[in-house]
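Working notes for the structure below.
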Amino acid sequence: MVKINFTLPDGSTRAIDAAPGGSLMKAATSHLVPGIVAECGGNASCATCHVYLETEDVALACPDGSVEDEMLDFTASPRRANSRLSCQVQVGDQLEGLTVEVPGAQV
Ligand code: FES
(Lines give C-alpha, C1' and ligand atoms only; values in the text may rest on other atoms or scores of the structure.)
Protein backbone atom coordinates (compact mmCIF):
# COMPACT_ATOMS: atom_id res chain seq x y z
CA MET A 1 0.00 0.00 0.00
CA VAL A 2 1.05 3.56 -0.65
CA LYS A 3 0.47 6.19 2.03
CA ILE A 4 -0.86 9.46 0.61
CA ASN A 5 -1.76 12.52 2.66
CA PHE A 6 -4.50 14.88 1.52
CA THR A 7 -4.86 18.48 2.65
CA LEU A 8 -8.46 19.65 2.35
CA PRO A 9 -9.68 23.20 1.68
CA ASP A 10 -10.73 23.61 5.33
CA GLY A 11 -7.16 22.90 6.42
CA SER A 12 -7.87 19.41 7.71
CA THR A 13 -5.88 16.42 6.54
CA ARG A 14 -6.68 12.84 5.55
CA ALA A 15 -4.21 10.02 5.16
CA ILE A 16 -5.07 7.00 3.04
CA ASP A 17 -3.38 3.74 2.15
CA ALA A 18 -3.85 3.38 -1.59
CA ALA A 19 -3.47 0.22 -3.61
CA PRO A 20 -0.78 0.53 -6.29
CA GLY A 21 -1.82 0.42 -9.92
CA GLY A 22 -5.00 2.47 -9.91
CA SER A 23 -5.39 6.19 -10.33
CA LEU A 24 -4.97 8.74 -7.57
CA MET A 25 -8.56 9.85 -8.27
CA LYS A 26 -9.91 6.33 -7.71
CA ALA A 27 -7.87 5.97 -4.54
CA ALA A 28 -9.20 9.28 -3.21
CA THR A 29 -12.84 8.66 -4.07
CA SER A 30 -12.80 5.08 -2.81
CA HIS A 31 -11.51 6.41 0.51
CA LEU A 32 -14.19 9.12 0.50
CA VAL A 33 -11.73 11.99 0.38
CA PRO A 34 -14.01 15.01 -0.12
CA GLY A 35 -13.53 17.53 -2.91
CA ILE A 36 -12.65 15.16 -5.75
CA VAL A 37 -15.73 15.36 -8.01
CA ALA A 38 -14.46 13.36 -11.02
CA GLU A 39 -17.55 13.93 -13.18
CA CYS A 40 -16.17 12.14 -16.24
CA GLY A 41 -15.09 9.06 -14.30
CA GLY A 42 -11.43 9.33 -15.17
CA ASN A 43 -11.37 10.17 -18.87
CA ALA A 44 -9.40 13.42 -18.57
CA SER A 45 -12.37 15.35 -19.93
CA CYS A 46 -13.89 17.21 -16.97
CA ALA A 47 -11.04 18.67 -14.89
CA THR A 48 -13.06 18.15 -11.68
CA CYS A 49 -10.46 15.84 -10.17
CA HIS A 50 -7.88 18.63 -10.03
CA VAL A 51 -5.26 18.43 -7.27
CA TYR A 52 -1.95 20.05 -6.38
CA LEU A 53 0.92 17.62 -5.79
CA GLU A 54 3.26 18.97 -3.12
CA THR A 55 6.48 17.80 -4.74
CA GLU A 56 9.43 19.13 -6.71
CA ASP A 57 9.71 15.80 -8.55
CA VAL A 58 9.52 16.66 -12.24
CA ALA A 59 8.58 13.05 -12.97
CA LEU A 60 5.24 13.82 -11.32
CA ALA A 61 4.59 16.97 -13.35
CA CYS A 62 1.88 17.04 -16.00
CA PRO A 63 3.32 15.98 -19.37
CA ASP A 64 3.58 18.98 -21.72
CA GLY A 65 1.21 18.83 -24.66
CA SER A 66 -0.91 16.03 -23.20
CA VAL A 67 -4.71 16.03 -23.05
CA GLU A 68 -4.30 16.54 -19.32
CA ASP A 69 -2.16 19.61 -19.97
CA GLU A 70 -4.94 21.08 -22.12
CA MET A 71 -7.67 20.24 -19.59
CA LEU A 72 -5.76 21.88 -16.76
CA ASP A 73 -6.52 25.21 -18.43
CA PHE A 74 -10.20 24.65 -17.52
CA THR A 75 -9.97 23.97 -13.78
CA ALA A 76 -12.30 25.84 -11.41
CA SER A 77 -9.41 26.66 -9.05
CA PRO A 78 -6.30 28.32 -10.44
CA ARG A 79 -3.81 26.15 -12.25
CA ARG A 80 -0.39 25.99 -10.62
CA ALA A 81 2.90 24.47 -11.73
CA ASN A 82 2.10 21.45 -9.54
CA SER A 83 -1.48 20.98 -10.81
CA ARG A 84 -2.52 17.51 -11.95
CA LEU A 85 -5.70 15.75 -12.87
CA SER A 86 -5.74 13.02 -10.24
CA CYS A 87 -7.31 10.56 -12.69
CA GLN A 88 -4.11 10.76 -14.75
CA VAL A 89 -1.74 10.05 -11.85
CA GLN A 90 -1.05 6.36 -11.26
CA VAL A 91 -0.57 5.23 -7.68
CA GLY A 92 2.83 3.68 -7.11
CA ASP A 93 5.86 3.93 -4.88
CA GLN A 94 6.64 7.36 -6.35
CA LEU A 95 3.67 8.72 -4.39
CA GLU A 96 4.69 7.23 -1.02
CA GLY A 97 4.27 9.87 1.68
CA LEU A 98 3.23 12.53 -0.82
CA THR A 99 0.98 15.39 0.26
CA VAL A 100 -1.84 16.18 -2.15
CA GLU A 101 -3.78 19.42 -1.79
CA VAL A 102 -7.44 19.39 -2.78
CA PRO A 103 -8.44 22.75 -4.34
CA GLY A 104 -11.22 24.86 -2.92
CA ALA A 105 -13.46 24.47 -5.98
CA GLN A 106 -13.86 21.83 -8.69
CA VAL A 107 -16.88 23.15 -10.60
S1 FES B 1 -12.14 12.54 -13.58
FE2 FES B 1 -12.61 13.88 -15.20
S3 FES B 1 -10.71 14.73 -15.73
FE4 FES B 1 -10.24 13.39 -14.10
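The values are calculated or read from the model by the stated rules, or taken from the named source; none is laboratory data. Note that this is a predicted model, so its numbers are computed, not measured. Cβ placement follows ideal geometry from the backbone for every residue including glycine, while neighbour counts extend to all protein chains displayed. Accessible surface areas use protein heavy atoms only, side chains included; no ligands, DNA or RNA. Shrake-Rupley method; radii C 1.70, N 1.55, O 1.52, S 1.80 Å.
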Region 96-107, subset within 16 Å of the ligand (Cβ to nearest atom) and out of contact with any Asp or Glu (no Cβ under 9 Å at 6 or more places or on another chain), residue farthest from A27 (Cα to Cα):
A105
Filter result (within 16 Å of the ligand (Cβ to nearest atom) and surrounded by fewer than 21 Cβ atoms within 10 Å (Cβ to Cβ)) within region 15-25:
G22, S23
In region 70-89, how many are among the charged types (D, E, K, R) and assigned to a loop (DSSP other than H, G, I, E, B)?
2
Candidate set from region 69-83 (those that are of a type outside the set (D, E) and under 9 Å from A47 (Cβ atoms)); member that is farthest from the ligand (Cβ to nearest atom)
A76
Which numbered condition G35 fails, given (1) of a type in the set (G, A, S); (2) free of Cβ contacts under 8 Å to residues at least 40 places away in the same chain; (3) within 16 Å of the ligand (Cβ to nearest atom):
(2)
Under the condition of being at pLDDT below 95 and within 20 Å of V2 (Cα to Cα), which residue from region 55-107 is least open to solvent (accessible area, probe 1.4 Å)?
T55
I need a count of the residues in region 23-39 that are on the phi > 0 side of the Ramachandran plot and of a type in the set (A, V, I, L, M, F, W, C).
2
Give me the pairs: first residue in region 90-101 and touching a residue at least 40 places away in the same chain (Cβ under 8 Å) and outside any loop (DSSP other than H, G, I, E, B), second residue open to solvent by 20 Å² or more (accessible area, probe 1.4 Å) and of a type in the set (D, E, K, R), beta-carbon distance under 6 Å, and six or more apart or on different chains, which are they?
T99/E54
Find the residue count for region 42-68, including only residues that are over 16 Å from Q90 (Cβ atoms) and within 12 Å of the ligand (Cβ to nearest atom).
5
Does S12 fit the bill of being among the polar types (S, T, N, Q) and within 16 Å of the ligand (Cβ to nearest atom)?
no
Can you tell me how many residues within region 1-14 are surrounded by fewer than 13 Cβ atoms within 10 Å (Cβ to Cβ) and either free of Cβ contacts under 8 Å to residues at least 60 places away in the same chain or in contact with a Phe, Trp or Tyr (Cβ under 8 Å, 6 or more places away or on another chain) (or both)?
5
